[in-house]
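Here's the structure, in structure tokens; my notes come after.
Every number in this text was worked out from the coordinates using simple rules, so none of it is lab data. Please read these numbers as outputs of a predicted model, since none were measured by experiment. Cβ placement follows ideal geometry from the backbone for every residue including glycine, while neighbour counts extend to all protein chains displayed.
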Amino acid sequence: MTETPLLLATVGTDHHPFGRLMDWLDAWLAADPSRVRALVQHGATRPPRTDLVGESGAVADLDYDELQKLMSEASIVVCHAGAATIMEARRHGRLPIIVAREAGLGEIVDGHQARFARRVGAEGIAVTCTSEAELHAALDRALARPEEFTLPEVLDPDAVPEPVRRTGELIDGLIAARTGRTPEAAEDGEPADVPDPEAWPPVSVVVATRDRPELLRTTLGSIRAQDYPGDLRVVLVYDRAEPETDLADPDPHRGITVIENTRTPGLAGARNTGILAADGELVAFCDDDDLWRPGKLTAQVRALLATPGAAFAACGIAIRYDGETLERPLERRRIRLADLLRSRLTELHSSTFLIRRAALLDGIGMVSEEIPGSYGEDYELLLRAARHAPLVNVPEVGVDVFWHRQSYFSQRWATIATALEWLLDRYPEFAAEPAGYARIAGQIAFANAARRHRRAALRWTGHALRAKWREPRAVLALAVASGALPPDRVLRVLHKHGRGI
């Protein structure tokens, strides 16, 4: 007696539902459920009808070994247009029947699967179906003429035509590739679909902390709640404070390592201690009083991997102050040194930074421990990173940044003034950007006015106005130096509008 053929259908692990394929399969199975034994891996999609496949015929996920076993046993393989799945089916001697996810139907983020499906269909690598009728016809043919869907010999992955193989690597993490874009997507700067979970690089999040136990716990919760598919481990660095060792967690996928700052006291030294202790391919920073939104890291890693040569990524922020929330997305995807000289770009907050660890150790360099009081170390790191290569930015808001009286640098005017003078000395490029020079000179003027160093405030006000006669910080510095405005009131008003000096 001939054994009933096995039909294996898989939609992969993408978080977008693929109900269209499920509907088409249900309709074909309903015509005669006895023709095949069906096993459908449905992921985030609603499962197939159990009256057609039985209770054991629908599974949300399959591990790698299970998938390999089923592909070797299946007579028919149906899948989405994921390169890894297509190549695995062919490796087991099966000509896959594929249906591409469509961005316009909310099944994926862009059109790379449709482009790839057309390419592999034209090359004879798979049978591509773009409609329900085409899928049903392909399934009927696979039953009637199984020899057409059995490869004469198991495919050697290296035998795949090079353009097809390379395209697959770029869009779906084939053979452990670390990217998720097609060549077409690389041209327009848009991120592509999520690669297989194994292709997501491990991330170490450095959190430097000091005397904020309650805020810290909320911050850690937001980091561990990320939807990131890869490993995500926190390196919690205590700076001039007794470590809370009870926060340590050995979980290899969402663990926390607790250590003390062994370098220069202050934020820069603490972050560098964390970088050196990190074991992730990527390093992220998060201040101990800020919150990550759930999709922050996934979006950034996708954008970073999608950009050849990129080493640094940021994202938009929302500023939370005095009960108000102001969203500050930065509507650009590439940041260059000239952009940062002209403007601090407040949206590029340190809690958004995601950097290749190798670049921090050799290339960009680690956080500067020379800056007085570590003030502005994040901006200085941005300038250095932009010298290395343009920065990648995800415009959408990914981090809630809290401004409050506990902020580490709130009202430390002497440190601020000294650190900004240091910055101007180290970056002569500001002389060629009058607006950028005037901005920093105005900040120094305001800091000196706030600390009642009137002569220094007037001197730096003059520097600022000579570079840009309408520099608003210089005007505010004059008002504070004259006693017309208290500095605290100026900051409160600016913070209400999501701005700072």
Give the residue list of GluC sites (Glu not before Pro) in the range 290-361 that are DSSP loop and have at most 14 other beta-carbon atoms within 10 angstrom. Glu331
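Name the shape class, rounded, prolate or oblate, that the alpha-carbon gyration tensor gives for the range 315-413, where a ≥ b ≥ c are the square roots of its eigenvalues, rounded holds for a/c under 1.5, and otherwise prolate holds if a/b is larger than b/c and oblate otherwise. Kindly include the intermediate steps, with their values, before the conclusion.
On the way: a/c = 1.97, a/b = 1.24, b/c = 1.58.
Oblate, since a/c reaches 1.5 and b/c is not below a/b.
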The range 413-496 - charge dipole about Cα centre, Lys and Arg +1 at Cβ, Asp and Glu -1, debye rounded to 20: 360 debye
For the range 307-319, 3J(HN,Hα) per residue [Karplus equation, 6.51 cos²θ - 1.76 cosθ + 1.60, θ = phi - 60°, Hz, x = Gly/Pro]: 10, x, x, 6, 10, 9, 10, 9, 7, x, 10, 10, 8
Can you tell which of Phe446, Leu424, Ala484 lies farthest toward the positive end of the dipole of the range 413-496, using +1 and -1 charges on the Cβ of basic and acidic side chains (Lys, Arg; Asp, Glu)? Ala484
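List the GluC sites (Glu not before Pro) in the range 352-450 that DSSP assigns to loop (not H, G, I, E or B) and whose Cβ has at most 13 other Cβ atoms within 10 Å. Which are they?
Glu370
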Could you list Phe430, Phe312 in order of exposure, starting from the residue whose Cβ has the fewest other Cβ atoms within 10 Å? Phe430, Phe312
Computed about the Cα centre, the charge dipole of the range 46-162 from +1 Lys/Arg and -1 Asp/Glu charges at the Cβ has a magnitude in debye, to the nearest 20, of 300 debye
Sequence of Val258, Val283 once ranked by neighbouring C-beta atoms within 10 Å, starting from the fewest: Val258, Val283
Please say if the range 413-496 is rounded, prolate or oblate, where rounded means a/c under 1.5 for a ≥ b ≥ c the square roots of the C-alpha gyration tensor eigenvalues, and otherwise the choice is prolate for a/b larger than b/c and oblate otherwise? prolate
Furthest towards positive pole of dipole, Val301, Val237, Pro33, structure part the chain, Cβ charges: Val237
Read-out Rg/Rh (Cα atoms, Kirkwood Rh), candidates (i) 1.00; (ii) 1.11; (iii) 1.09; calculated match is (iii)
Relative to the Cα centre, what is the charge dipole magnitude of the chain, using +1 at the beta carbon of each Lys and Arg, -1 at the beta carbon of each Asp and Glu, and rounding to the nearest 20 debye? 3200 debye
Under the Karplus curve 6.51 cos²θ - 1.76 cosθ + 1.60, θ = phi - 60°, whole-Hz ³J(HN,Hα) for the range 48-60, x wherever Gly or Pro sits: x, 5, 5, 6, 9, 10, x, 5, 8, x, 10, 9, 6
For the range 360-375, in order, what is each residue's ³J(HN,Hα) by Karplus, 6.51 cos²θ - 1.76 cosθ + 1.60 with θ = phi - 60°, in whole Hz (x at glycine and Pro)? 5, 7, 8, x, 5, x, 7, 5, 5, 9, 8, 5, x, x, 6, 6
If we count every other residue with Cβ under 11 angstrom of Pro252's Cβ, Lys/Arg +1 and Asp/Glu -1, where does the sum land? -2
Among Leu326, Leu216, Gly373, pick out the residue whose Cα is farthest towards the positive end of the charge dipole of the range 201-402, where Lys and Arg carry +1 and Asp and Glu carry -1 on C-beta, about the Cα centre. Leu326
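Which shape class, rounded, prolate or oblate, goes with the range 262-317 when its Cα gyration tensor gives a ≥ b ≥ c as root eigenvalues, a/c under 1.5 marks rounded, and past that a/b bigger than b/c marks prolate?
Note, shape of the range 262-317 comes out oblate.
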